[in-house]
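Novice: Once you've had a glance at the structure underneath, I'll fire off some questions.
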Amino acid sequence: MPRFAAGVVRFQEEVYPEKQELFERLARGQSPEALFITCSDSRIETAMITQTDPGELFICRNAGNIVPPHTTSTGAMTASIEFAVAALRIPHVVVCGHTECGAMKGAMNPDGLAALPHVREWLGYAKAAVDITHELGADLDDDARMKMLLEQNVILQLQHLKTHPAVATALARGALRLHGWVYDIRTGGVDAWNEETGRFESVADRYAAEVAKHAAGSHGCAA
Ligand SMILES: [Zn+2]
């Protein structure tokens, strides 16, 4: 039995019983807090990174955490974004890139993708980020340039998100907030885009006010 199939048996015998109430509640519907768009890379474990339970994140994954700009043609991302924002009315969208991203390495070196025509075409949606990185990062070393590309790609995909009518409408209503993150596989660090300062900051700093409010709220409950 492959490890992942054996894992299902262990889930059913050991994990499910502990959370049976949660799963039964979820069978009646979902109300996720965020649409979480990230790379397909196996090293990203969304529930672990965000410490969330089933039902809390509506997840879309693809090579390079890409959001194609809206067009009249339908794709998996278009339909999922529309459903998440217009039907489920999810209040947050996170685009989360990550270090050591094979897709972003490919985007930086498209000549190496001759045997992967679909990957090469898909990464065309990151071209503006690559161009910006070549423009602004010409003097940087390879690591710093790749970090810049990861960040620019997240910013670019946030811009693409805004072209989707469901997103644009929810933003206009003040009912949606967009977040751009980069996850560091080696250190567990997560940096978040701050549109006002034009910089990426640690999640702890970026959301300090909210985290403090949350902590104060739970103290209130305990007392
Ligand atoms: Zn990746």
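Novice: Residue 147: which lysines have alpha carbons under 19 Å from its alpha carbon, excluding same-chain residues fewer than 8 sequence positions away?
Specialist: Output for residue 147: 105, 127.
Novice: A follow-up question, please. Full extension from residue 15 to residue 89: what is 0.36 nm times the residue separation minus their Cα-Cα distance, to one decimal in nm? Write down the numbers at each step before the final one.
Specialist: On the way: separation 74, 0.36 × 74 = 26.64 nm, distance 2.97 nm.
Using 0.36 nm per residue and subtracting the Cα-Cα distance, I get 23.7 nm.
Novice: Per residue, how much accessible surface does the chain expose to a 1.4 Å probe? Answer in Å², no decimals. Could you put the intermediate results ahead of the total?
Specialist: Details: 13430 Å² over 223 residues.
Per residue, the chain has an accessible area of 60 Å².
Novice: Return the whole-Å distance between the Cα centroid of the range 160-223 and the Cα centroid of the range 21-37.
Specialist: Cα centroid of the range 160-223 versus Cα centroid of the range 21-37: 20 Å apart.
Novice: Could you work out the relative contact order of the range 13-95, using alpha carbon pairs under 8 angstrom and six or more residues apart, expressed as a whole percent? Can you show the working numbers first?
Specialist: On the way: 85 pairs, mean separation 31.9, N = 83.
Dividing the mean separation by the residue count of the range 13-95 yields 38 percent.
Novice: What number in nm² do you get for the range 96-223 if you take the convex hull of its Cα atoms and divide its surface by four? All intermediate terms of the calculation are to be shown ahead of the outcome.
Specialist: Details: hull surface 42.7 nm².
If I average the Cα hull's projected area over directions, I get 10.7 nm².
Novice: Okay, next question. Along each principal axis of its Cα atoms, how long is the range 28-148 end to end? Whole angstroms, biggest number first, please.
Specialist: 52, 35, 27
Novice: Give the Rg/Rh ratio for the chain, taking Rg as the radius of gyration of the Cα atoms and Rh as the Kirkwood radius, to two decimals. Don't skip to the end; give the middle numbers.
Specialist: Working: Rg = 19.0 Å, Rh = 19.2 Å.
Dividing the radius of gyration by the Kirkwood radius yields 0.99.
Novice: Related question: How high is the relative contact order of the chain, given as a whole-number percent (alpha carbon pairs under 8 Å, six or more residues apart)? Provide the component values of the computation, followed by the final result.
Specialist: On the way: 282 pairs, mean separation 43.3, N = 223.
It comes to 19 percent, rounded to a whole number.
Novice: Residue 40 versus residue 177, label points 7 Å from Cα toward the beta carbon: distance in nm?
Specialist: 3.2
The values are calculated or read from the model by the stated rules, or taken from the named source; none is laboratory data. A quick note: this is a predicted structure, and the numbers were derived from the prediction, not measured. Note that we place each Cβ from the backbone using ideal geometry, even for glycine, and neighbour counts take in every protein chain shown. The accessibility values were calculated without ligands, DNA or RNA, using every heavy atom of the protein model including side chains. Shrake-Rupley method; radii C 1.70, N 1.55, O 1.52, S 1.80 Å.
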